[in-house]
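The values are calculated or read from the model by the stated rules, or taken from the named source; none is laboratory data. These figures come from a predicted structure and were not determined experimentally. Every residue, glycine as well, gets a Cβ built from its backbone with ideal geometry; the counts of neighbours run over all protein chains shown. We work out accessible area using only protein heavy atoms, side chains counted, and drop any ligands, DNA or RNA first. Shrake-Rupley method; radii C 1.70, N 1.55, O 1.52, S 1.80 Å.
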Amino acid sequence: MHEFGISESIVKIALDKANEAQASKIIQINLVVGELSGFVPDCIQFYFDFLSKETIAEEATLHFESVPAQFRCRNCSTAFHPQDTLWTCPKCQSQSVEVTGGRELYIESMEVE
Ligand SMILES: [Zn+2]
């Protein structure tokens, strides 16, 4: 259900930006979604369609660009992409790792007219 809140934010930010640009219509919104963010694009699209009704974003298409998870070992500083749920450093086998990417969700750009 946390897609509802993020969809509200997306609509609000998109409308603010479009307003600033004095646009009359939002055509496409390009979003970056991290692999670990837990957001389901279909759910965001669903809420977006609902929340953008009767706004200039009503007919906007959402485009999702997925970014992979990125981890870093606290022990040897190796950066790696985790395999499934195994969060172990491939170099030194340490399990002391930190997430350095893949949790984000943000508007990368949008097209208006
Ligand atoms: Zn390591």
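Conditions tested, residue by residue: (1) closer than 29 Å to Ser7 by Cα; (2) in contact with a Leu (Cβ under 9 Å, 6 or more places away or on another chain).
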{"site": "Leu62", "(1), (2)": "yes, yes"}
{"site": "Phe71", "(1), (2)": "yes, no"}
{"site": "Ser77", "(1), (2)": "no, no"}
{"site": "Gln83", "(1), (2)": "no, no"}
{"site": "Gln93", "(1), (2)": "no, no"}
{"site": "Gly101", "(1), (2)": "yes, yes"}
May I ask you to list the residues in segment 59-86 that are within 14 Å of the ligand (Cβ to nearest atom) and farther than 13 Å from Glu35 by Cβ?
Arg72, Cys73, Arg74, Asn75, Cys76, Ser77, Thr78, Ala79, Phe80, Leu86
Starting from residues that are open to solvent by 50 Å² or more (accessible area, probe 1.4 Å) and under 14 Å from the mean Cα position of the chain (by Cα), keep the ones in segment 59-91 and report whichever is farthest from Asn30 (Cα to Cα).
Pro68
With respect to Ile56, is the statement that it is open to solvent by less than 30 Å² (accessible area, probe 1.4 Å) and away from the ligand (no atom under 13 Å from the Cβ) true?
no
Looking at the structure I just gave you, is Ser94 small (Gly, Ala, Ser), open to solvent by less than 70 Å² (accessible area, probe 1.4 Å) and either at pLDDT 95 or above or within 16 Å of the ligand (Cβ to nearest atom) (or both)?
yes
Of all residues in segment 97-113, how many are closer than 14 Å to Gln70 by Cα and among the small types (Gly, Ala, Ser)?
2
Which one is surrounded by the most Cβ atoms within 10 Å (Cβ to Cβ), of the residues in segment 28-53 that are of a type outside the set (A, V, I, L, M, F, W, C) and over 28 Å from Thr100 (Cα atoms)?
Ser52
I'd like to know if segment 12-27 contains one or more residues that are open to solvent by less than 70 Å² (accessible area, probe 1.4 Å) and of a type in the set (Ser, Thr, Tyr).
no
